[in-house]
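Some notes on the structure that comes next.
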Amino acid sequence: MSERIFVAVAWPYANGPLHLGQIAGAYLPADIFARYHRTKGNEVLMVSGSDQHGTPVTVRAEKEGKSPQEVVSRYHQGFLDSWEKLGISFDLFTTTGTQNHAKVVHDLFLTLLDKGLIYKDRMALPYCPNCRRFLPDRYVEGTCPYCHSRGARGDQCDECGKPLNPVDLIDLRCGICRGSPEIRDSEHFFLRLSAFCEQLKSWVKEQSHWRQNVFNFTFRYLTEGLKDRAITRDISWGVSVPVPGFEGKRIYVWFEAVIGYLSASKEWAESCGDGERWRSFWQGEVKSYYFIGKDNIIFHTVIWPAMLLGYGGLNLPYDVPANEFLTLKGKQLSTSRNWAVWLPDYLERYHPDPLRYLLSANMPETSDADFSWRGFVRRNNDELVATYGNLVHRVLTLAYRNFGGRVPPAGDVDEASKAMLAKSEATLRRVDSLLYGCHFREAMREAMSLAQEANRYLDTKAPWKIIKEDRDSAAMAISTALGVICCLKTALYPFLPFSSQKLHRLLGFDGSVEEVGWTFSLPPAGQRLAPPEPLFAKLDEAVVEEEDNRLEHSVLTPG
Ligand SMILES: [Zn+2]
Ligand SMILES: [Zn+2]
């Protein structure tokens with residue numbers, strides 16, 4: 001029976017181009033998961049969008065001397081372009097700047113206000129007399145009161161991942177002029193998070209299928225108790241507050257950005273011509289997965305669930321498979337320090353699948369993982385090309401040259417070949433269950449070990465040697481090997497969609513891999529094959545030095 005799967009993916013701030021850390025953290029695993037479920041015949045809705053609001057965007061706009069709208073429009077277009085080239089298959093990638101989003105946010109805000117779960121209060125906030133403004137979120141910096149790391153912002157500490165209030169920070173500094181802010185009173189709305197603590201604790205206790213780090217981090221956080229949080233800000237860029245007297249303030253970006261999952265679903269439903277269709281992904285039998293980086297865990301396992309519980313009638317997350325960080329040559333990727341491999345740069349120079357391969361094989365699922373160009377070239381050449389690409393090319397060329405461009409008949413299949421096919425079928429089942437449980441790295445390893453096994457099988461059978469004296473045995477070996485690569489095409493499709501689709505065509509099939517589904521089926525004897533072409537290209541070792549140079553001497557400001 002088919003399942004319904006909602007794939008919600010973190011909303012990138014439209015304040016810079018995407019880097020590989022974000023791709024490994026959220027977008028690639030989400031896409032692998034969505035493609036896998038579509039191939040299984042499940043109903044999938046995968047949404048996200050550009051986060052247009054918040055101080056990351058206004059800080060950027062002020063630096064560039066542009067309006068926030070100009071900045072976000074440019075980067076949003078860049079995101080769309082990157083998704084297409086990298087094959088990130090969103091059903092909808094929208095923005096938080098739509099009227100629909102503001103409408104959905106207002107509905108949620110007013111409903112929670114009505115229920116007494118949002119209330120008005122005064123709070124002490126840093127105000128810079130120099131800059132003559134309140135300093136929300138990224139306009140203020142200081143030392144985290146929990147982990148004592150420097151450079152924590154007014155809304156969150158990047159180091160320990162804890163949400164903060166600006167006045168909690170030690171050694172407050174204005175992020176614009178570096179001056180010392182004074183503390184002033186301002187009236188704001190608060191989300192009554194404290195009311196949800198016990199309810200959330202018992203809900204989280206039931207989520208034993210969550211990743212250990214996500215479960216533990218959330219549970220510890222709840223054990224420390226929940227404080228109410230201000231959800232409006234003294235800024236003029238963002239979703240308006242739907243209450244008279246608050247015209248000069250905006251809704252806090254984190255409060256409204258998570259609502260984007262819901263508003264995007266509604267926008268998608270409208271675009272399908274059935275405005276109520278979003279309900280099938282938010283109510284009843286559906287599993288919602290939220291793909292995010294580890295720095296966003298609390299917002300998705302505590303704050304968003306609290307908002308959903310307060311609003312009522314909508315499903316809570318089923319799983320939040322947050323990844324750890326990708327580092328670059330051992331150091332944390334950083335937009336501000338320009339220490340990153342930018343996705344648009346990569347896509348300009350290389351094919352998407354080798355990157356998808358590397359980031360899957362080295363996905364930061366349970367611990368941080370490191371990216372280096374040396375590792376990239378090595379994995380491309382030694383694994384993708386040498387193990388998988390060569391196998392495919394050898395088999396297709398043997399069949400094409402010796403059997404008139406058609407799949408040869410299997411004839412009497414011997415024990416070794418039967419075992420090879422049985423192993424393929426077992427691998428497809430194993431990859432299936434690993435992907436179902438969001439174990440991406442292991443699923444990739446499983447598929448690649450089938451390719452290694454098939455290489456050994458082919459070397460033993462050596463059909464190129466026996467083709468003259470024993471054509472039937474050669475036909476059997478080639479037919480078996482075609483069966484294995486046909487199976488690899490499916491098992492690797494979620495990871496390597498471009499090359500799998502190409503292999504699908506080279507094997508003589510029409511349509512798409514997704515349409516055929518997650519099944520073990522052999523190309524029928526007599527099927528016409530396409531003239532063989534290599535799936536992947538070997539990379540020159542010089543790439544390493546070239547890219548390392550680019551990285552070390554990059555003076556580019558992103559974008
Ligand atoms: Zn901290
Ligand atoms: Zn200042």
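Scanning the stretch 372-385 for residues being over 24 Å from the mean Cα position of the chain (by Cα) and buried (at least 17 other Cβ atoms within 10 Å of the Cβ) gives a total of 2. I need the full set of residues from the stretch 94-112 which are in contact (Cβ under 8 Å) with a residue 60 or more places away in the chain and crowded, with 18+ Cβ neighbours inside 10 Å, in order please. Those that are in contact (Cβ under 8 Å) with a residue 60 or more places away in the chain and crowded, with 18+ Cβ neighbours inside 10 Å: Thr94, Thr95, Thr96, His101, Ala102, Val104, Val105, His106, Leu108, Phe109, Leu112. The set of residues in the stretch 172-184 that are assigned to a strand (DSSP E or B) and in contact with a Phe, Trp or Tyr (Cβ under 9 Å, 6 or more places away or on another chain) comprises Cys174, Glu182, Ile183, Arg184.
For the stretch 145-182, the set of residues classified as out of contact with any helix residue (DSSP H, G or I) (no Cβ under 8 Å at 6 or more places or on another chain) and among the charged types (D, E, K, R) consists of Arg150, Glu159, Asp168, Asp171, Arg173, Arg178, Glu182, listed by residue number. Arg178 falls short on exactly one of the conditions (1) at pLDDT below 95; (2) on the phi < 0 side of the Ramachandran plot, and that condition is (2).
Looking only at residues of the stretch 143-171 that are within 16 Å of ligand 2 (Cβ to nearest atom) and part of a loop (DSSP other than H, G, I, E, B), we find that the one that is surrounded by the fewest Cβ atoms within 10 Å (Cβ to Cβ) is Leu169.
Scanning the stretch 244-290 for residues that are among the small types (Gly, Ala, Ser), over 22 Å from Ile118 (Cβ atoms) and part of a loop (DSSP other than H, G, I, E, B) turns up Gly273, Gly275, Gly284.
Does the stretch 45-63 include one or more residues that are under 26 Å from Pro352 (Cβ atoms) and either touching a Lys or Arg at 6+ places or on another chain (Cβ under 6 Å) or surrounded by fewer than 24 Cβ atoms within 10 Å (Cβ to Cβ) (or both)? There is no residue in the stretch 45-63 that is under 26 Å from Pro352 (Cβ atoms) and either touching a Lys or Arg at 6+ places or on another chain (Cβ under 6 Å) or surrounded by fewer than 24 Cβ atoms within 10 Å (Cβ to Cβ) (or both).
Annotation note: Cβ proximity below 7 Å between a residue of the stretch 144-167 that is on the phi > 0 side of the Ramachandran plot and free of Cβ contacts under 8 Å to residues at least 40 places away in the same chain and a residue that is of a type in the set (D, E, K, R) and within 16 Å of ligand 2 (Cβ to nearest atom) (sequence gap 6+ or interchain) occurs for Gly151/Glu141. Scan the stretch 318-333 and tell me whether some residue there is over 15 Å from Ile5 (Cβ atoms) and part of a helix (DSSP H, G or I). The answer is no; no qualifying residue exists. For His76, the conditions (1) surrounded by fewer than 21 Cβ atoms within 10 Å (Cβ to Cβ); (2) closer than 30 Å to Cys174 by Cβ; (3) over 21 Å from the mean Cα position of the chain (by Cα) are fulfilled apart from (3).
Applying a threshold of 9 Å to beta carbon distances and a minimum spacing of six or more residues, or different chains, the list of pairs starting in the stretch 486-499 at a residue that is closer than 13 Å to Pro523 by Cβ and among the hydroxyl-bearing types (Ser, Thr, Tyr) and ending at one that is at pLDDT 95 or above and outside any helix (DSSP H, G or I) reads Thr490/Gly517; Thr490/Trp518; Thr490/Thr519. Within the stretch 534-546, at least one residue is aliphatic (A, V, I, L, M), surrounded by fewer than 16 Cβ atoms within 10 Å (Cβ to Cβ) and assigned to a helix (DSSP H, G or I). The set of residues in the stretch 108-136 that are within 14 Å of ligand 2 (Cβ to nearest atom) and closer than 26 Å to Val258 by Cα comprises Leu125, Pro126, Phe134, Leu135, Pro136.
Being in contact (Cβ under 8 Å) with a residue 24 or more places away in the chain and surrounded by 13 or more Cβ atoms within 10 Å (Cβ to Cβ) is the filter; apply it to the stretch 200-215 and report the residue that is nearest to Asp368 (Cα to Cα). Taking the candidates together, the pick is Asn213.
Against the list (1) surrounded by 15 or more Cβ atoms within 10 Å (Cβ to Cβ); (2) within 16 Å of ligand 2 (Cβ to nearest atom), the condition Cys177 fails is (1).
The values are calculated or read from the model by the stated rules, or taken from the named source; none is laboratory data. Computed from a prediction, not measured in an experiment: that's the story for all the values here. Here the Cβ is made from the backbone with ideal geometry for all residues, glycine too, and neighbour counts use every protein chain on show.
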